[in-house]
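A quick write-up on the structure given underneath.
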Amino acid sequence: MRCEAILGGRKIIYELRKSVRSRRLSIAVGRGGSVRVTVPKRLTERDAAEFLRKKALWVISSLEKMEAVPPGLLETGDKRDYSALKEKARALISERVEFFSGCYGYKPGKISISNQSTRWGSCSKNGNLNFNYKLIKLSEECRDYIIVHELCHLKEFNHSDRFWKLVGKAIPDYKKIRKKLKES
């Protein structure tokens with residue numbers, strides 16, 4: 001559903017999506033300046049608009065960043081570029097997963113590398129780890145945090161205090177790194 005809102009004196013047209021699978025509200029700003037607000041099915045249009053207003057500074061900042069990027073810079077390369085980056089990511093991530101698995105004594109299942117649009121990584125119930133190939137563009141500390149985060153889900157499949165204590169064993173300053181990732 002197309003909706004509009006005024007954020008910081010700027011008219012924003014956004015797509016409102018209600019999802020039965022969504023557990024929380026989220027906002028995505030696309031390459032062309034599109035804005036999408038996804039909410040759980042039970043929430044109202046008013047809830048979505050209020051959430052958008054609360055995140056107005058972030059939305060406007062994200063839109064301005066997109067507008068400042070020269071055309072074509074965010075376009076994807078050909079399949080060879082993607083394949084090369086994906087293989088580079090696989091080698092780098094596999095090495096770090098092996099290192100941190102040894103530190104924790106965990107045995108992950110399959111490690112997959114793909115082009116995920118909204119996640120840096122995920123862990124399946126079967127113990128398989130999935131990572132976004134774009135991790136290679138992040139700093140080493142951010143990459144390591146994401147890898148450790150997903151590995152810790154092998155022991156704690158949630159974000160409880162126990163989970164964060166596990167993450168903190170290998171990445172003591174994980175809160176600072178999480179903040180940096182959210183701001184980027």
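For every residue, the table says whether it meets (1) modelled with pLDDT under 90; (2) out of contact with any strand residue (DSSP E or B) (no Cβ under 9 Å at 6 or more places or on another chain); (3) closer than 22 Å to SER117 by Cβ; (4) not assigned by TED's automatic domain parsing to the domain that holds THR118.
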position: TYR14; (1), (2), (3), (4): no, no, yes, yes
position: SER19; (1), (2), (3), (4): no, no, yes, yes
position: VAL29; (1), (2), (3), (4): yes, no, yes, yes
position: VAL35; (1), (2), (3), (4): no, no, yes, yes
position: ALA48; (1), (2), (3), (4): no, no, yes, yes
position: LYS55; (1), (2), (3), (4): no, no, yes, yes
position: SER62; (1), (2), (3), (4): yes, no, yes, yes
position: LEU74; (1), (2), (3), (4): yes, yes, yes, yes
| said: From the list ARG178, ARG90, exactly one residue is part of a helix (DSSP H, G or I), in contact with a strand residue (DSSP E or B) (Cβ under 6 Å, 6 or more places away or on another chain) and surrounded by fewer than 18 Cβ atoms within 10 Å (Cβ to Cβ). Which is it? | reply: ARG90
| message | For region 1-54, give me the residue count where each residue is polar (S, T, N, Q) and in contact with a Ser or Thr (Cβ under 9 Å, 6 or more places away or on another chain). | response | 4
| task | Return only the number of the condition from (1) touching a residue at least 12 places away in the same chain (Cβ under 8 Å); (2) within 14 Å of ILE60 (Cβ to Cβ) that ILE6 does not satisfy. | result | (1)
| remark: Picked from region 143-168 (must be out of contact with any helix residue (DSSP H, G or I) (no Cβ under 7 Å at 6 or more places or on another chain) and surrounded by 13 or more Cβ atoms within 10 Å (Cβ to Cβ)), the residue nearest to PHE131 (Cα to Cα) is GLU150
| request: Return a yes/no flag: does region 104-119 have any residue that is at pLDDT 85 or above, outside the structural domain of GLY9 (by TED's automatic domain parsing), assigned to a helix (DSSP H, G or I) and over 22 Å from GLY8 (Cβ atoms). | output: yes
| request: Please tell me if GLU140 is under 28 Å from ALA28 (Cα atoms), more than 13 Å from the chain's Cα centre (by Cα) and not assigned by TED's automatic domain parsing to the domain that holds GLY30. | output: yes
| task | Specify the residue that is nearest to ARG46 (Cα to Cα); the eligible residues are those in region 1-34 that are touching a Phe, Trp or Tyr at 6+ places or on another chain (Cβ under 9 Å) and β-branched (Val, Ile, Thr). | result | ILE27
| message | Given the criteria surrounded by 12 or more Cβ atoms within 10 Å (Cβ to Cβ), assigned to a helix (DSSP H, G or I) and acidic (Asp, Glu), does GLU95 qualify? | response | no
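The values are calculated or read from the model by the stated rules, or taken from the named source; none is laboratory data. Everything numeric here is computed off the predicted structure, so don't read it as measured data. No Cβ is skipped: glycine too gets one built from the backbone with ideal geometry, and neighbour counts run over all protein chains shown.
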